[in-house]
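Structure, as C-alpha cells:
The values are calculated or read from the model by the stated rules, or taken from the named source; none is laboratory data. Because the structure is predicted, anything quoted here is derived from the model rather than measured. Positions of Cβ are generated from backbone atoms using ideal geometry, with glycine treated the same way; all protein chains shown enter the neighbour counts.
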Amino acid sequence: MRDDARTLPPGGTIGIVGGGQLGRMAALAAAAMGYRCHIFCPDEDSPAAQVSAAATVAPYDDLDALDRFGASVDVVTYEFENLPTSSFARLETAAPVRPHWRCLEATQHRVAEKDFVNGLGIGTAPYRRVTSAAELDRALGDLGRPAVLKTARMGYDGKGQVTIGPGDDPAGAWTAMGGAEGVLEGFVDFQREISAIVARTVDGDAACFDVVENVHRGRVLARTRAPARLAPGLADEARSIAERLAAAFDMAGLLAVEMFVTREGGLLVNELAARPHNSGHWTIDACRTSQFEQFVRAVAGLPLGDPGRHSDAVMTNLLGDAAGDWPGVAREPNAKLHLYGKADARPGRKMGHVTRLFPKTGG
Ligand code: AMP
C-alpha cells in the first residue's frame, strides 16, 4: 500500500512486529474483518503466529528478514515498545508504519516520555534522569524518599524498578538496577490507578474508551474494573489528556495512557503505550468495538467503530499457574475466558485473562 493510499481494503496483509498476546488478539480482530496478518518475531510458535496467515521468525535487527517481511505486507504495526527504531526506518521504505515509529522513540525511553508529556503542560510525578550513583544521590536529595528508581529503557511490567525508602542504601539500588541509565521518580501516594485508551485515525478522528481502574500486584496489572469509580469530571479530564497526547504524536493507532489519581484528586501520567494495552482487554467482551478492532481499523485506515460500553466488566489476568483454573472459569455463565496459547506457565507470565460481565451502570 502506498502511503498516500490511506485505506487498506479487506484481503490486504497487516504486518505485526512482535508475537505476544497483543498481536494474537489484534490478528484475531483483523481476521474477523477480512485481513491477513504476518507476524515478525524471534520466537517459534508465538501466540500471535499461531492465529496468523504467515510468520517470519528472525531477530528484530535482521535486515534481510525485515526486507522480505516489508515486501510481503501492505502496512506495518507493532505490539510492544522495546524494538529497535532503526528496523522501522528500514521497514518504512517498503510499507507505511502505523503508528509512526517516532511514537516508539518517545515511549521506549521513560525520560523522553515524561519530557514529552510535561512539554504539553500535562503533569507527571517529579523525576530526574540518573546515569551514575552520584547523580542518584543528588536526585534523592531533590525528590526525597521514598522514590522509585526505574531503568530508562526496556522496562515493562515493573521489571527494572526498585523503591528506595528511608533506610535503603541507594548504592545497592543502583547496582540492583544494573547501573544502566535510569530515572528517579518521586513516590506518588495515589488514591487509584486508572487508564484511558484512545484510538486515532490517519485523518485525526479520535475515539476514547471508557476510563478504567487498574490494580497492580508486584507492579504487574492484576485487575481492571470498567468503568472506573471517579469523581465527576475526572474521567472526562483523563480522556482529554489521552486525546491531546495522541494528537500531539499525530498518530494513527492506539494510545494507552496510565495515570495516577492523587490524594488531592488530580491526575498524573505514569506511562504511555502506543499499542493495545492490557487494561483494554475488557473491551473485547464489554464494548461495541474492542480495542483490537479499533487498532486494526486505525492501522488499516478505516473509520473508527463505536467504543461504547454495553456492560460493566472486571478483567483479571491469569498469571502463571492461575491459568490452570480455566475449567472453573469456563463453567461461569458471566465469565469470558481468553488463553494465549503459551505452553510454559512460568510464575508471573501472562497466560490469559478472564473478563466477568455485569449489567451496565451509570452513563
Ligand atoms: P510502571 O512500570 O511505571 O508502569 O510501574 C508499574 C507500577 O508500579 C505502577 O502501575 C504503580 O503501581 C507502581 N509505580 C510506578 N511508579 C510509581 C511512583 N512514582 N509512585 C508510586 N507507585 C509507582
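Points worth noting:
- Hey, Gly123 over 17 Å from the mean Cα position of the chain (by Cα) and without any contact (Cβ under 8 Å) to a residue 12 or more places away in the chain or not: no
- Filtered residues of the range 157-191 (kept if surrounded by 14 or more Cβ atoms within 10 Å (Cβ to Cβ), within 12 Å of the ligand (Cβ to nearest atom) and in a loop (DSSP other than H, G, I, E, B)): Asp157, Gly158, Gly160, Phe187, Val188
- Within the range 184-196, residues that are among the polar types (S, T, N, Q) sit with their Cβ atoms under 7 Å from residues that are part of a strand (DSSP E or B) and within 9 Å of the ligand (Cβ to nearest atom), at 6+ positions apart or across chains, in these pairs: Ser195/Asn214; Ser195/Glu258.
- For the range 273-321, the set of residues classified as in contact with a Ser or Thr (Cβ under 9 Å, 6 or more places away or on another chain), closer than 17 Å to Ala335 by Cα and part of a loop (DSSP other than H, G, I, E, B) consists of His281, Trp282, Ser290, listed by residue number.
- Count of residues meeting criterion [touching a strand residue (DSSP E or B) at 6+ places or on another chain (Cβ under 9 Å), more than 10 Å from the ligand (Cβ to nearest atom) and assigned to a loop (DSSP other than H, G, I, E, B)] in the range 140-156: 3
- Condition check for Gly348: assigned to a helix (DSSP H, G or I), outside the structural domain of Met25 (by TED's automatic domain parsing) and of a type outside the set (Val, Ile, Thr): no
- Candidate set: the range 52-93, residues that are of a type in the set (A, V, I, L, M, F, W, C) and out of contact with any strand residue (DSSP E or B) (no Cβ under 8 Å at 6 or more places or on another chain); chosen: the one nearest to Glu293 (Cα to Cα): Phe80
- Residue match in the range 219-231 (condition: more than 9 Å from the ligand (Cβ to nearest atom), over 23 Å from Phe358 (Cα atoms) and surrounded by fewer than 19 Cβ atoms within 10 Å (Cβ to Cβ)): no
- Single residue of the range 245-272 satisfying the filter (in a loop (DSSP other than H, G, I, E, B) and surrounded by fewer than 24 Cβ atoms within 10 Å (Cβ to Cβ)) that is farthest from the ligand (Cβ to nearest atom): Asp250
- Any pair with Cβ under 8 angstrom, 6 or more apart, that starts in the range 84-110 at a residue that is among the hydroxyl-bearing types (Ser, Thr, Tyr) and ends at one that is in a strand (DSSP E or B): Ser87/Val17; Thr107/Leu272; Thr107/Ala273
- Selection within the range 100-120 - more than 16 Å from the ligand (Cβ to nearest atom) and within 21 Å of the chain's Cα centre (by Cα): His100, Trp101, Arg102, Cys103, Leu104, Glu105, Leu120
- Filtering the range 192-211 to residues that are buried (at least 22 other Cβ atoms within 10 Å of the Cβ), over 26 Å from Arg6 (Cβ atoms) and within 16 Å of the ligand (Cβ to nearest atom) leaves Ile194, Ser195, Val211.
- Scan the range 178-192 for residues that are in contact with a helix residue (DSSP H, G or I) (Cβ under 9 Å, 6 or more places away or on another chain) and either under 26 Å from Ala286 (Cα atoms) or of a type in the set (A, V, I, L, M, F, W, C) (or both) and the total you get is 3.
- From the list Thr224, Thr262, Thr175, Thr201, the lone residue that is among the polar types (S, T, N, Q) and under 21 Å from Trp282 (Cβ atoms) is Thr224.
- Of the residues making up the range 43-67, those that are surrounded by 15 or more Cβ atoms within 10 Å (Cβ to Cβ) and not aliphatic (A, V, I, L, M) are Ser46, Pro47, Gln50, Ser52, Thr56, Tyr60, Asp62.
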